[in-house]
Amino acid sequence: MSAMAEADKTPITVITGFLGAGKTTLVNYILKEQNDWKIAVLENEFGEVSIDDGLVAESMDSPEDLITMDNGCVCCSVRGDLIRTLGQLAKRRTDFDAVILETTGMADPAPIIYTIQTNPKMSDHYRIDSLVCLADAKHIEQHLDEIKPEGSVNEAVHQVAFSDKILLNKLDLVNEEEKNRVKDRLTSINKFAEIIETNRSRAPLDRILKINSFNMESILTVDPKFFDDDDTKDVHNTSLVQSVGVSFKGNLHAQWFNMFMMDLLRDRAEDLYRTKGLLSFHGQGDTKFVFQGVHEQINFGPADKKWEEGEERVNKFVFIGKNLDRADLTKSLMECLYKEEGK
């Protein structure tokens, strides 16, 4: 599909965050107080609190019911099939700047991402724009440290690990030292996510909406230091969830790289929360390739922009997940480099 067609799709921002982090306050701000954006807010049925004490009527009988606000935003409670709800909203999607999907109660946004990207009824009209996590600066550490029963996941760790943007909220409840410690902790889990400081969930919407940070090519915006070879681990990061960046020059051998990815996803899909890559392949001229994935689902294809003449061919990879070994990943990826015969 062309870049223009992709740009015409309605962007969906997925909102996660632990209980009490400020998601409902953010949604209320979007729906009632700001007047610059027309947003469709979808609140799932697992939310711990109804928006604004009943803003979403409890008597809704079907997911097609929408509450229209004075500022042009709408709110809908998803009590049934997400596909059906977004399908109904598609008829009006050009009325809105963006869609926000609040996934309270869902630690892993992967099923939602998978549904929107693979169902033609969704992918023809919508695109994932970004994953935003709200974090309560006062209490996020205790949630990250919570020991779960064997086989269970730590929801707070998942939410941080999956995000493109983290809203560090309720900063009025912590001092500067505590704030910096929390930021270091969040970065130890996910170096890839931008941390935005907020109070009362009043986030600058132009930094979390319609920013296309989920796009495969957003890897280009990663801080170059992200790819530095630093194997030190924060001793407080008991979750073993971390982010690793790998980069090196050269052209990849397509078959070898495909085999590497197949093996990696077969053996480690559950541990790999997010993956992204920017690639140069032997024999593909100036075509630049990109991929991004959530668990075992990978989207791969040519980038919008080609390698420029004289541009250094640097392959870049981002991995966010559990028990990642930078040295092993780097070695395996570099073994995918194309080598001229006899060299």
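The values are calculated or read from the model by the stated rules, or taken from the named source; none is laboratory data. The shown structure was predicted, so the numbers you read here are calculated from the model rather than taken from an experiment. In this analysis, Cβ positions are derived from the backbone assuming ideal geometry, glycine residues included, and neighbour counts consider all displayed protein chains. Note: areas computed on protein heavy atoms with side chains; ligands, DNA, RNA excluded. Shrake-Rupley method; radii C 1.70, N 1.55, O 1.52, S 1.80 Å.
Search the range 242-257 for residues that are within 14 Å of GLN284 (Cα to Cα) and pair each with any residue that is among the hydroxyl-bearing types (Ser, Thr, Tyr) and not in a helix (DSSP H, G or I) when their beta-carbon atoms are under 8 Å apart and the residues are at least 6 apart or on different chains.
From the range 242-257, the pairs are GLY250/SER280; GLY250/TYR338; ASN251/SER280; ASN251/TYR338; LEU252/SER280; LEU252/TYR338; HIS253/TYR338.
Inspect all residues belonging to the range 286-301 and state whether any of them is over 22 Å from SER213 (Cα atoms), modelled with pLDDT of 90 or more, out of contact with any helix residue (DSSP H, G or I) (no Cβ under 6 Å at 6 or more places or on another chain) and not in a helix (DSSP H, G or I). Even if it seems obvious, please write down each step before you answer.
Narrowing the range 286-301 to residues over 22 Å from SER213 (Cα atoms): 286.
Those left that are additionally modelled with pLDDT of 90 or more: 286.
Next, from what is left, pick out any that are out of contact with any helix residue (DSSP H, G or I) (no Cβ under 6 Å at 6 or more places or on another chain): 286.
Imposing the further condition that a residue be not in a helix (DSSP H, G or I) reduces the set to 286.
Yes, some residue in the range 286-301 is over 22 Å from SER213 (Cα atoms), modelled with pLDDT of 90 or more, out of contact with any helix residue (DSSP H, G or I) (no Cβ under 6 Å at 6 or more places or on another chain) and not in a helix (DSSP H, G or I).
GLU296: among the charged types (D, E, K, R) and in contact (Cβ under 8 Å) with a residue 24 or more places away in the chain, yes or no?
yes
Does LYS305 satisfy the condition of being touching a residue at least 40 places away in the same chain (Cβ under 8 Å) and within 21 Å of THR187 (Cβ to Cβ)? Before the answer, list the steps.
Numbers: touching a residue at least 40 places away in the same chain (Cβ under 8 Å): yes; within 21 Å of THR187 (Cβ to Cβ): no.
So LYS305 fails the test.
For (1) surrounded by fewer than 16 Cβ atoms within 10 Å (Cβ to Cβ); (2) out of contact with any Leu (no Cβ under 6 Å at 6 or more places or on another chain); (3) of a type in the set (A, V, I, L, M, F, W, C), each residue gets a yes or a no:
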| site | (1), (2), (3) |
| --- | --- |
| THR275 | no, yes, no |
| PHE291 | no, yes, yes |
| LYS306 | yes, yes, no |
| GLU311 | yes, yes, no |
| ASN323 | yes, no, no |
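Could you tell me which of the residues SER163, SER130, SER188 is among the polar types (S, T, N, Q), touching a His at 6+ places or on another chain (Cβ under 8 Å), surrounded by 17 or more Cβ atoms within 10 Å (Cβ to Cβ) and closer than 22 Å to GLY245 by Cα?
Details: SER163 fails: touching a His at 6+ places or on another chain (Cβ under 8 Å); SER130 fails: touching a His at 6+ places or on another chain (Cβ under 8 Å).
Answer to the check: SER188.
Please count how many residues of the range 258-273 are open to solvent by 40 Å² or more (accessible area, probe 1.4 Å) and either in contact (Cβ under 8 Å) with a residue 24 or more places away in the chain or not acidic (Asp, Glu) (or both). So that I can check it myself, show each step before the final result.
The first filter runs over the range 258-273 and keeps only residues open to solvent by 40 Å² or more (accessible area, probe 1.4 Å), leaving 258-259, 262-263, 266-268, 270.
Subsequent filtering for residues that are either in contact (Cβ under 8 Å) with a residue 24 or more places away in the chain or not acidic (Asp, Glu) (or both) retains 258-259, 262, 266, 268, 270.
So the count comes out to 6.
Select from the range 156-179 the residues that are out of contact with any Phe, Trp or Tyr (no Cβ under 9 Å at 6 or more places or on another chain) and outside any strand (DSSP E or B) and list them in ascending order.
Residues of the range 156-179 that are out of contact with any Phe, Trp or Tyr (no Cβ under 9 Å at 6 or more places or on another chain), as a first pass: 157, 160, 165-179.
Answer for the range 156-179, where residues must be out of contact with any Phe, Trp or Tyr (no Cβ under 9 Å at 6 or more places or on another chain) and outside any strand (DSSP E or B): VAL157, VAL160, LYS170, LEU171, ASP172, LEU173, VAL174, ASN175, GLU176, GLU177, GLU178, LYS179.
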